[in-house]
Amino acid sequence: MSASDRISLRGLRTRGYHGVLPEERIAGQDFVIDLDLTLDLAPAAASDDVRDTVHYGELAQEVAGIVAGDPVDLIETLADRIASAVLRADRVLAVAVTVHKPQAPIPVAFDDVSVSLTRQRRSPVVIALGSNLGDRAGTLASAVAALRGEEGLEITAESPVLETVALTLAGEDPDKPAYLNQVVLGTSDLTPERLLGVLLDIERAHGRERNERWGDRTLDLDLIAYGTERIVTPSLELPHPRAAERDFVLRPWLAADPDAVLPGHGRVDELLARLTAEDAR
């Protein structure tokens, strides 16, 4: 997902009745709206289907309806209303709104007066951590601190740290060093791809080497869920394709959030109960 993809709409002119003065509410005046939407345009570019992007014609009509609708005193309030409406579109990650009031009742000559604001969507995120080499507890604590210090990411909850048997391609291996596992919850306005890049950077900073698939590691950071996003790319799949089968993800996640839900799979407590029952057979 590219954070630089944009849809821009300029000069949307609509009559509205906003303003502090009584005559503004009676006679009305023209307002001009500029929008810049941040979103991922790769799906639409690949499919050539308008359903994979934002229909800017429908968006223009919606924004025009807000401008022509219930009056407010300040164009700051109007701009915020427009931004909130635009962010209700699932694909929009951020929006910059400028409301121009070129006919404002100002008693001196002027060309324009405008208010601009930017609003970003924050999505809930679930990140799983694991370590089975070196100072495992210290590594997890350091990784969580790094996540807490990352701009665009807010950590809201941490699970307890649990010890689990190492999982390899051949299954559980009690002869391997045991893992310490943890799950952190948060919100982010980073794109999923950018957040994944942050996790990989933190792994590398803690000595992670990818020499063997499912091999021992100083630190493993997995992006388990990003809101309800469903993404399949060569570098990222969301929700995590194996999270529903992993006790070492579900158990700490449930400890951090008793009402947790894995998108597309259901409640985490039910998934864990099912997994426990299968293991008991």
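Quick notes on this one:
- Qualifying residue in the range 188-201 (condition: more than 14 Å from the chain's Cα centre (by Cα) and charged (D, E, K, R)): yes
- The set of residues from the range 235-249 being of a type in the set (Lys, Arg) and either outside the structural domain of Leu272 (by TED's automatic domain parsing) or closer than 14 Å to Arg274 by Cα (or both) comprises just one member, Arg246.
- Filtered residues of the range 70-89 (kept if surrounded by fewer than 16 Cβ atoms within 10 Å (Cβ to Cβ) and either touching a Gly at 6+ places or on another chain (Cβ under 9 Å) or within 22 Å of Arg25 (Cα to Cα) (or both)): Asp70, Pro71, Asp73, Leu74, Glu76, Thr77
- Residue list for the range 64-123, restricted to those being hydroxyl-bearing (Ser, Thr, Tyr) and assigned to a loop (DSSP other than H, G, I, E, B): none
- When the strands (runs of 3 or more DSSP E) confined to the range 158-202 are screened for residues that are surrounded by 17 or more Cβ atoms within 10 Å (Cβ to Cβ) and assigned by TED's automatic domain parsing to the domain that holds Ser235, those reaching at least 1 such residues are found at 162-164, 166-168, 179-188.
- Hits in the range 77-94 (condition: in contact with a strand residue (DSSP E or B) (Cβ under 8 Å, 6 or more places away or on another chain) and among the hydroxyl-bearing types (Ser, Thr, Tyr)): Ser84
- Screening the range 124-157 for residues that are without any contact (Cβ under 8 Å) to a residue 24 or more places away in the chain and assigned to a loop (DSSP other than H, G, I, E, B) and picking the one that is surrounded by the most Cβ atoms within 10 Å (Cβ to Cβ) gives Asp135.
- Among residues of the range 261-275, those that are in contact with a strand residue (DSSP E or B) (Cβ under 7 Å, 6 or more places away or on another chain) and either without any contact (Cβ under 8 Å) to a residue 12 or more places away in the chain or more than 16 Å from Pro124 (Cβ to Cβ) (or both), counted: 3
- Pair list, Cβ under 9 Å, 6 or more apart: the range 5-18 residue within 11 Å of Thr98 (Cα to Cα) and in contact (Cβ under 8 Å) with a residue 24 or more places away in the chain, other residue hydroxyl-bearing (Ser, Thr, Tyr) and surrounded by fewer than 17 Cβ atoms within 10 Å (Cβ to Cβ): Leu9/Tyr56
- Taken over the range 11-46, the criterion of being on the phi > 0 side of the Ramachandran plot and not in a loop (DSSP other than H, G, I, E, B) is satisfied by Gly11 alone.
The values are calculated or read from the model by the stated rules, or taken from the named source; none is laboratory data. Quantities reported herein were computed from a predicted structural model and do not represent experimental measurements. Because the Cβ atoms are built from the backbone with ideal geometry, glycine has one as well, and the counts that use them run over all protein chains shown.
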